[in-house]
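Some notes on the structure that comes next.
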Amino acid sequence: MPRPRLPLVALTVTAALALTGCGGEQAGSDASEGAGGSASAEAGQQAGERPDISMPEDAVLEVDKGRPSEPAHQPALDDAFRYIQGMRHGIVAQDPDDAAYRYYSTAGAARYAHDQIEQWVKGGWTPTGKDRYYDTETASAGSGKGVLVTFCRDQSQTFSRSLETDEVHRTEKSLKSFQKYSVLMREKKGEPGVWEAGRIEVQGEAKECRR
């Protein structure tokens, strides 16, 4: 099987953001039909019950969320990283329909997560190491009803491990290690206080994220 070039998210953008009215730790997840639009939560999961997104010790997310531009953006910021961790949870679970990312995403963002997880499953790989996220920013979007969450990622310390041979595919730190994310969050219908990702854009080789 070909090895994935990058440990979690490919450099290509599969769900572009279309925004109107933009103003500028470990995470702890809209179930969707397949990997598309919102639907009721999975059988056995009650409304308001967040799915498990815990990770093994060798595949952690290190997140420096900082402070949002407005206190009201905090729940959207928190759930943006729960979406990211939910995607990683699905890879570890080897399940493209994992409940974790589905709870925190819909539409393009859910399809993106599904496709990323599926690539890892087909290749027989799982992540290992520390995945770093930092330099977060938030801004009101969509006439104030949405929140655009942006942040950087350094994936130079996270690698892919073969489930068949246990071999770890290591890569050297370079500009390809850095990415810039933009995630459009909206409050989830029927679950006040829960936010879900609807659209995501990932910029590869992000010079502004390099440290």
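The values are calculated or read from the model by the stated rules, or taken from the named source; none is laboratory data. This is a predicted model, so every value here is computed, not measured. Cβ atoms come from the backbone with ideal geometry, glycine included; neighbour counts cover every protein chain shown. Note: areas computed on protein heavy atoms with side chains; ligands, DNA, RNA excluded. Shrake-Rupley method; radii C 1.70, N 1.55, O 1.52, S 1.80 Å.
Too long at a 28 Å Cα-Cα cut-off: which of 122/176; 122/188; 122/173; 130/189; 65/145; 122/189? Pairs exceeding 28 Å: 122/188; 130/189; 122/189. Ligands, DNA and RNA left out, the 1.4 Å accessible surface of the range 96-164 is 42% carbon and sulfur atoms. Averaged over residues, the count of other Cβ atoms within 10 Å places the peptides 72-80, 95-103 in the sequence 95-103, 72-80, highest first. Structural descriptor for the range 84-169: relative contact order 24 percent, calculated from alpha carbon pairs under 8 angstrom and at least 6 residues apart.
Of all the Cα-Cα pairs you can form in the range 69-211, what percent are over 27 Å apart? Of all Cα-Cα distances in the range 69-211, 22 percent exceed 27 Å.
Once the Cβ-Cβ distance between residue 168 and residue 52 is put in as r, and R0 is 30 Å, what FRET efficiency do you end up with, to the nearest 0.05? Here the calculated transfer efficiency is 0.75. Multiplying each eigenvalue of the alpha-carbon gyration tensor of the range 151-192 by 5 and taking the square root yields semi-axes of 32, 18, 6 Å, largest first, rounded to whole angstroms.
A DSSP coil position with no more than 13 other Cβ atoms inside 10 Å describes the following trypsin sites (Lys or Arg not before Pro) in the range 144-181: 145, 170, 173. What fraction, in whole percent, of alpha-carbon pairs in the range 78-154 exceed 18 Å separation? Cα-Cα pairs of the range 78-154 separated by over 18 Å account for 46 percent.
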